[in-house]
Structure formats: structure tokens, C-alpha cells
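Below: the structure, in C-alpha cells.
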């Protein structure tokens, strides 16, 4: 029997926030709960197949803009979003509101808290983001993807892991690939693909010919970079598949011996669940340094090599690849160490916590 009052999920409009929300939605629907989603206009491209009974667009904005005008504009949007969220909460009367980070989560969670509806936030990163820090003292419960230091206000965080998509769980069942070829998967997300397109092809070109002959590279690049990246690999005599987007990225990860990527929370979680070695280049400039903290989790497990972007040069990567690709057994061992810290049932754990919070 479907519970008529929905669970309302609130998430920022990026894959990093929406993917774990999607995994939780699927698990809750299996248990007979109706699920709805609140996000901003950026989410439109991600929510076409989001497992929700309804999707609501909520206006929001950050008040930490670079200038005074930006802060004022963000504040106006935030107030407008709160008004929208109050109307939405009054209309659908959710059993609980679950936030996954990002400023679009603030209005729904504040509106629910003011009406004394249970609220829960899930922090995917190894350090708590600004929106979740703001909400922490106002919610009923806090779940985290990693063990993090309590922030001193609000409920005690409970580590449940980061829910991953079914495609990741399926990919995690694949064995470590054979070593007839050495497969490398390269991706950087919306804010990192450019540097990957610049550095990785040049570094691969500089590798010894004996190594290049064994390589098979899958690389996600910005649309405008695809042709020249593909041409660079062709000139170096390296097999490569370069595309702007891969719908089956978890499968591509599982088919690889080594991953080169950023350090987003979902990326780190997927690498751990699937179990693959990696070279991680955390996105610099973040106020919270969240990607560096995420990457450190795999580095501490001796499953990843972490390098600052300023040190991520062609020369550095050529040397690192030369050393790492000569020992595929060590790559497999690093993958196993990654898998040893993966939490494959995080969606189930989070669903349990959500239901516990409702009750």
C-alpha cells in the first residue's frame, strides 16, 4: 500500500546531489513510499528519469556571492524560495523532508522545520558544506557519507555512506579486467574536464612506446574538446574513445584498471563500491576543500594517489603513469583496498534512517 503523504527530497541541481537522492528515492519506493523532489532549474537535465511522483522547482540563491549586489540578489531569491516552499509544504504535507545539500535545499527544509515536520540532511562530502552547516541546528537528524567530525550543533551525525545508483551496484559485480590491454578511464565533471583534456593526452603521448601500445583510454571531455583530444591519442598511436558524455560511466569504470578524475563525493563513493585504483585531482578553490577531504579517504586507504591541481603537470603525470602501469597487480590490490571501504548498501541504510526519523 502506497503511503499517500510523500517523502519530499530536496537536492541541489547537480549530479553530485541528485544521484544519491535518486538512489534513496528508488529504495523508498520499493518500500511503498510516495516520493517527490524539490530542486532548482538546473535539475531539469537530470530529472527526466528521476523516480519521483512529482518534481517541484524551487527558487533559491546563495548569500555568499562575490559582491554586494550578488548577495542581495541571492537573498531575494532565497526569500522567494522560502515563500514557494511554504506553499508546497502546506499543499503536499510531506511525512519528512530529506535534504542532500546545495542551496535549493534550504527553503524546503526551513519551511518543514517551521511546521514541525521531521527533517533530515545527508552530507555526501567528508566535510560539511555551507548549506548543510546552516541547516544542521534546525533539522531532526543528520546522515553522512563519511565519518566526519561533529560540527557542534544539531543532532549527532550518523554515517550511512553515500547511496549509489543501481548501475554502480551492477558494475561492482564485475571482476577486475584482464591485462591484455591496460584500460584507463578519464573524467573530470563539469568543472574539471578541461584540465584533463589538456594534461592527460600530452602525458600519455610522452609515455614509453611499449606502454602506449597496451593502452585503451576512455575519456569524457567537453564537447568542444572532443575532436582534438581524440586526434592527440590517434597521433600517439593509442586506442581511445573520447565523448562528451557516457551514459554508462559506472560500467566504464569497472572495465578499467585505473581511473583519473576529480574528487567529488559521488565519484569517491563509486570508486570505493566498484573497487578501482585512481589518480585524483581535487577541484581547487573550494571554500570547504571538500574534494580534497573526499580524496583523502581513498588516499588513507592506500587506494588512490592524490595530487594538487597546481602539481598536476604533464611531466608529473607521465612519470606517475610510467610507474603505476608497470605493475597491474598493484593496481588490482589498490582496487581491492578501495572496495574494502565501500558501502554498497548505503541507500538501504539511509532509507532505514529516514523511516526511523519519521517514526
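Some observations on this one:
- Answer from 275, 285 - the residue that is in the same structural domain as residue 179 (by TED's automatic domain parsing) and crowded, with 20+ Cβ neighbours inside 10 Å: 275
- Hits in the stretch 156-203 - residues which are farther than 26 Å from residue 13 by Cα and free of Cβ contacts under 8 Å to residues at least 60 places away in the same chain: 156, 173, 175, 178, 180, 181, 198, 201
- Residues that are in contact (Cβ under 8 Å) with a residue 40 or more places away in the chain, surrounded by fewer than 21 Cβ atoms within 10 Å (Cβ to Cβ) and either closer than 18 Å to residue 349 by Cα or touching a strand residue (DSSP E or B) at 6+ places or on another chain (Cβ under 9 Å) (or both), drawn from the stretch 120-140: 140
- Of the residues making up the stretch 38-71, those that are over 21 Å from the mean Cα position of the chain (by Cα), at pLDDT below 70 and surrounded by fewer than 14 Cβ atoms within 10 Å (Cβ to Cβ) number 5.
- If the condition is being at pLDDT below 95 and outside any loop (DSSP other than H, G, I, E, B), then the stretch 310-328 contributes only 328.
- Checked against (1) within 19 Å of residue 346 (Cα to Cα); (2) modelled with pLDDT of 95 or more, residue 278 passes all but condition (1).
- Consider the stretch 100-114 and keep the residues that are at pLDDT below 95 and outside any helix (DSSP H, G or I). The one that is nearest to residue 9 (Cα to Cα) is 101.
- Residues that are surrounded by 24 or more Cβ atoms within 10 Å (Cβ to Cβ) and in contact with a strand residue (DSSP E or B) (Cβ under 7 Å, 6 or more places away or on another chain) occur in the stretch 345-352; there is at least one.
- Candidate set from the stretch 226-238 (those that are surrounded by fewer than 19 Cβ atoms within 10 Å (Cβ to Cβ) and within 28 Å of the chain's Cα centre (by Cα)); member that is nearest to residue 207 (Cα to Cα): 230
- Test set (1) assigned to a loop (DSSP other than H, G, I, E, B); (2) surrounded by 19 or more Cβ atoms within 10 Å (Cβ to Cβ) - residue 200 fails condition number: (1)
- For the stretch 220-231, the count of residues that are farther than 17 Å from residue 194 by Cβ, in contact with a helix residue (DSSP H, G or I) (Cβ under 8 Å, 6 or more places away or on another chain) and modelled with pLDDT of 95 or more is zero.
- Filtering the stretch 256-285 to residues that are in contact with a helix residue (DSSP H, G or I) (Cβ under 8 Å, 6 or more places away or on another chain), part of a loop (DSSP other than H, G, I, E, B) and without any contact (Cβ under 8 Å) to a residue 40 or more places away in the chain leaves 282, 284.
- Those residues of the stretch 300-309 which are assigned to a helix (DSSP H, G or I) and either in contact with a helix residue (DSSP H, G or I) (Cβ under 8 Å, 6 or more places away or on another chain) or surrounded by 14 or more Cβ atoms within 10 Å (Cβ to Cβ) (or both), in sequence order: 309
- Test: residue in the stretch 164-185 that is under 24 Å from residue 88 (Cβ atoms), buried (at least 20 other Cβ atoms within 10 Å of the Cβ) and touching a helix residue (DSSP H, G or I) at 6+ places or on another chain (Cβ under 9 Å): no
- Among residues of the stretch 97-119, those that are touching a strand residue (DSSP E or B) at 6+ places or on another chain (Cβ under 7 Å), surrounded by fewer than 24 Cβ atoms within 10 Å (Cβ to Cβ) and under 15 Å from residue 38 (Cβ atoms), counted: 2
- Residue-level analysis places residue 161 outside the set of residues that are part of a loop (DSSP other than H, G, I, E, B), on the phi < 0 side of the Ramachandran plot and buried (at least 19 other Cβ atoms within 10 Å of the Cβ).
The values are calculated or read from the model by the stated rules, or taken from the named source; none is laboratory data. Computed from a prediction, not measured in an experiment: that's the story for all the values here. Heads up, the Cβs are rebuilt from the backbone with ideal geometry, glycines too, and the neighbour counts pull from every protein chain shown.
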